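Worksheet for the structure shown next.
The values are calculated or read from the model by the stated rules, or taken from the named source; none is laboratory data. Every value quoted in this text rests on a predicted model; they were computed, and no experiment measured them. Glycine gets a Cβ as well: all are built from the backbone with ideal geometry, and neighbour counts include every protein chain shown.
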Amino acid sequence: MFRQLLKAIVVARQASVSASAMRYISDSQFKELGYERSNYIENIKLQLTAELDAQNISKENEVPINFNLVGFV
């Protein structure tokens, strides 16, 4: 639950930063980046959410290894 709250805070902050950055980016620069002004913030939120989910999944799949027991099992 704490991770979900932290994730929501991070995504909201990134959306806020993206919205403020939109003031300084021209339409041609958006085109070069592969975005449009109308969907920029939503795409950034989706990209960040996917990255955070990927990190979460990789951490859940990690198995701790006790190197003192390697080879004895």
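Structure notes:
- Selection status of Leu33, at pLDDT 85 or above, within 15 Å of the chain's Cα centre (by Cα) and closer than 22 Å to Ser16 by Cβ: no
- Given (1) assigned to a loop (DSSP other than H, G, I, E, B); (2) among the charged types (D, E, K, R); (3) touching a helix residue (DSSP H, G or I) at 6+ places or on another chain (Cβ under 7 Å), index of the condition Glu62 fails: (3)
- Failed item, numbered, when Phe67 is tested on (1) at pLDDT below 90; (2) in a helix (DSSP H, G or I): (2)
- Filtered residues of segment 1-22 (kept if over 14 Å from Leu46 (Cβ atoms) and of a type in the set (Lys, Arg)): Arg3, Arg13
- Taking the criterion of being exposed (fewer than 11 other Cβ atoms within 10 Å of the Cβ), farther than 23 Å from Ile57 by Cα and basic (Lys, Arg), the only residue of segment 1-43 that qualifies is Arg23.
- Check on Ala21, in contact with a helix residue (DSSP H, G or I) (Cβ under 7 Å, 6 or more places away or on another chain) and of a type outside the set (Lys, Arg): no
- Pairs linking a residue in segment 43-69 that is within 23 Å of Leu33 (Cα to Cα) to a residue that is modelled with pLDDT of 85 or more and among the basic types (Lys, Arg), with Cβ atoms under 6 Å and 6 or more positions apart or on different chains, are Leu52/Lys7.
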